[in-house]
1. Considering ALA44, ALA57, ALA23, ALA112, which residue is more than 30 Å from GLU192 (Cβ to Cβ), at pLDDT below 95 and not basic (Lys, Arg)?
2. Considering each of ALA112, ALA99 in turn, give the residue that is surrounded by 24 or more Cβ atoms within 10 Å (Cβ to Cβ) and closer than 19 Å to ASP12 by Cβ.
3. Return yes when THR203 is surrounded by fewer than 24 Cβ atoms within 10 Å (Cβ to Cβ), at pLDDT 95 or above, within 26 Å of SER22 (Cα to Cα) and among the β-branched types (Val, Ile, Thr) and no when it is not.
4. Could you tell me which numbered condition ALA9 fails, if it satisfies all but one of (1) at pLDDT 95 or above; (2) more than 15 Å from GLY201 (Cβ to Cβ)?
5. From the list ALA216, ALA164, ALA159, pick out the single residue that is modelled with pLDDT of 95 or more, open to solvent by less than 50 Å² (accessible area, probe 1.4 Å) and not hydroxyl-bearing (Ser, Thr, Tyr).
6. Scan ALA26, ALA87, ALA31 and give me the residue that is of a type outside the set (Lys, Arg), over 21 Å from VAL125 (Cα atoms) and out of contact with any Leu (no Cβ under 6 Å at 6 or more places or on another chain).
7. Looking at (1) more than 16 Å from ALA87 (Cα to Cα); (2) in a helix (DSSP H, G or I); (3) touching a helix residue (DSSP H, G or I) at 6+ places or on another chain (Cβ under 7 Å), which is the only condition SER204 fails?
8. Among the listed residues GLY93, GLY151, which satisfies the condition of being in a helix (DSSP H, G or I), surrounded by 20 or more Cβ atoms within 10 Å (Cβ to Cβ) and free of Cβ contacts under 8 Å to residues at least 60 places away in the same chain?
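The values are calculated or read from the model by the stated rules, or taken from the named source; none is laboratory data. From a predicted model like this one, the values you see are computed outputs, not experimental measurements. Don't worry about glycine lacking a Cβ; one is built from the backbone with ideal geometry, like all the others, and counts go over all protein chains shown. Just so you know, the surface numbers come from the protein's heavy atoms only, side chains and all, with ligands and any DNA or RNA stripped out. Shrake-Rupley method; radii C 1.70, N 1.55, O 1.52, S 1.80 Å.
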Amino acid sequence: MNATPDPEAPVDAAFLRRWLESATAAVEREAPRLTELDSPIGDADHGTNMRRGFLAARTAVEQEPPPTPGGVLVLIGRTLISTVGGASGPLYGTLLRRAGKELGEEQAVSAARLRDALRAGVDGVATLGGAVPGDKTMLDALLPAVDALTGALDAGGGAADALAAAAAAADEGAAATVPMRARKGRASYLGERSIGHQDPGATSSALLVTALADTARGDG
């Protein structure tokens, strides 16, 4: 089992490669559910697209492993942009590329630096998609996750516990999209009919945050 980092311990390229393995496995496992969620309010392809993108990202990182955590995230983001269809590719690509660029060329970063990078990535998603909390999008999982991560780290919690709090908040945020009316994306065209369905993008976002928590615990 991998050692659990504390808030000041390094998150390096190997950590994020393990996260990618965990995230890819989660996306593969949950692809049918993501597509099922997408069927009534989208194009019924979110699971298929995410699976294709993360398998391609895993291959890209395996073939030419970047030496820095920022490099890993940038490569994953770039690959997702080129392989994931619809709006998800640019949105997830922006999330990870922006986070990777925020980390720069450092060989290892603290959990707090990773938190700041994720915040920058989420801000990039908000700008690109023009969404705000409550619009029934991936932001409804990502923003609570980053807020929970921030609160836990600021309170002196270790990285594993802080990321576990982030994962729980992301899950809660995804579930909270069920009663929302979509205001962005294809689902917004349905108006009131979008109510009662969990947003697939928020759900896949929660999967990725949970994979990060699993990696920090040594389960990834």
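1. Testing whether each residue is more than 30 Å from GLU192 (Cβ to Cβ), at pLDDT below 95 and not basic (Lys, Arg) leaves just ALA112.
2. Step by step, each of ALA112, ALA99 is checked, and only ALA99 is surrounded by 24 or more Cβ atoms within 10 Å (Cβ to Cβ) and closer than 19 Å to ASP12 by Cβ.
3. Against the criterion (surrounded by fewer than 24 Cβ atoms within 10 Å (Cβ to Cβ), at pLDDT 95 or above, within 26 Å of SER22 (Cα to Cα) and among the β-branched types (Val, Ile, Thr)), THR203 does not qualify.
4. (1)
5. That would be ALA164, the only listed residue that is modelled with pLDDT of 95 or more, open to solvent by less than 50 Å² (accessible area, probe 1.4 Å) and not hydroxyl-bearing (Ser, Thr, Tyr).
6. Only one candidate passes the filter, namely ALA31.
7. (1)
8. Testing whether each residue is in a helix (DSSP H, G or I), surrounded by 20 or more Cβ atoms within 10 Å (Cβ to Cβ) and free of Cβ contacts under 8 Å to residues at least 60 places away in the same chain leaves just GLY93.
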